[in-house]
Amino acid sequence: MNEKFYALLGIIGPLVAYLSIGIAIFQSPWFSWERSALSDLGHSVDSSVAPIFNFGLSLAGFLIMIYIFTTFRKYAKYTATGFVISSFFLQLIATFDEVYGFLHFTVSILFFISLGVTSILYAYEKKSVFAVIVFIICFSSWILYGLEIYTAGIAVPETISSVTVMLLLIYPAIKIYIMK
């Protein structure tokens, strides 16, 4: 297969994650941006939408990894390592859902830390001001949440940080797709 196909996976992968999250939220009237974590949707005992949420995260992590190993690593070698680690932790979040308690908490924390580190790697490797802005947005969303500056559930900084970092993955995929 060609690079254009694999670049498409760099776009589809994140879209699968956010589409499955969106469907899960839509089908869960109990979900609240003020009180919930996104992972509440994947709780295999308490959430009827857990299969949608967890499968979506797993599939997204897998598709992103394929894109990284086949195409993205040629674009940004060190950042690719960060994205592989983040994708792996994304799959672990789906595998070890909230039923697993501390294990789920640990892989979730590692996922969000890896996103921050990946944005720093991207900023350094590609000399990207946008990646610095992404890191500041991610970091600020967690700091503001931790300091209780705004009243919202943890789903808010989870969404802000993951969406902004995914832009660093999707942008090169779009460029590669259009240019090939």
Practice item. With only Lys, Arg, Asp and Glu charged, each at its Cβ (+1 for the first two, -1 for the last two), find how big the charge dipole of the range 3-179 is about the Cα centre; round to the nearest 20 debye. Key: 860
Check your understanding: Expressed as a whole number of Å, what is the distance separating the alpha-carbon centroids of the range 149-169 and the range 11-38?
Key -> 12
Practice item. Evaluate the range 95-163: find the radius of gyration of its Cα atoms, find its Kirkwood radius, and give the ratio Rg to Rh. Key: 1.03
Practice item. Kindly provide the helix-only [θ] at 222 nm of the chain, computed as the sum of -39,500 (n - 2.57) over DSSP H runs of four or more divided by all residues, to the nearest 500 deg cm²/dmol? Key: -25000 deg cm²/dmol
Study note, to complete from the structure: Given the candidates Pro51, Phe88, Phe105, the one whose Cα lies deepest towards the positive end of the charge dipole of the range 16-146, counting +1 at each Lys or Arg C-beta and -1 at each Asp or Glu C-beta, is Phe88
Review point. To the nearest 10 degrees, how steeply does helix 77-95 sit against the main Cα axis of the chain, on a 0 to 90 scale?
Key: 30
Point to revise | Charge dipole magnitude, Cβ of K and R +1, D and E -1 - the range 33-99, Cα centre, debye nearest 20 | key: 580
Study note, to complete from the structure: Placing each pseudo-label 7 Å from Cα in the direction of the beta carbon, Phe69 and Trp33 end up separated by a distance in nanometres of 3.7
Review point. Mind checking the angle between helix 50-67 and the chain's longest principal axis? C-alpha axes, 0 to 90 degrees, to the nearest 10.
Key: 10
Practice item. Could you calculate the contour length gain from Ile143 to Thr95, that is, 0.36 nm times the residue separation minus the distance between their Cα atoms, to one decimal place in nm? Key: 14.5 nm
Review point. If one takes the longest principal axis of the Cα atoms in the chain, at what angle in degrees, from 0 to 90 and to the nearest 10, does the Cα axis of helix 102-126 lie?
Key: 30
Check your understanding: Most fluctuating residue of Phe130, Phe96, Phe83 in a GNM of the chain with Cα springs under 10 Å: which is it?
Key -> Phe130
**Study point:** Global form of the range 28-165, assessed from the alpha-carbon gyration tensor, a/c cut-off 1.5
**Key:** oblate
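Read-outs: derived from the displayed coordinates by stated rules, not from any lab. Because the structure is a prediction, the values reported are computed rather than measured. Every residue, glycine as well, gets a Cβ built from its backbone with ideal geometry; the counts of neighbours run over all protein chains shown.
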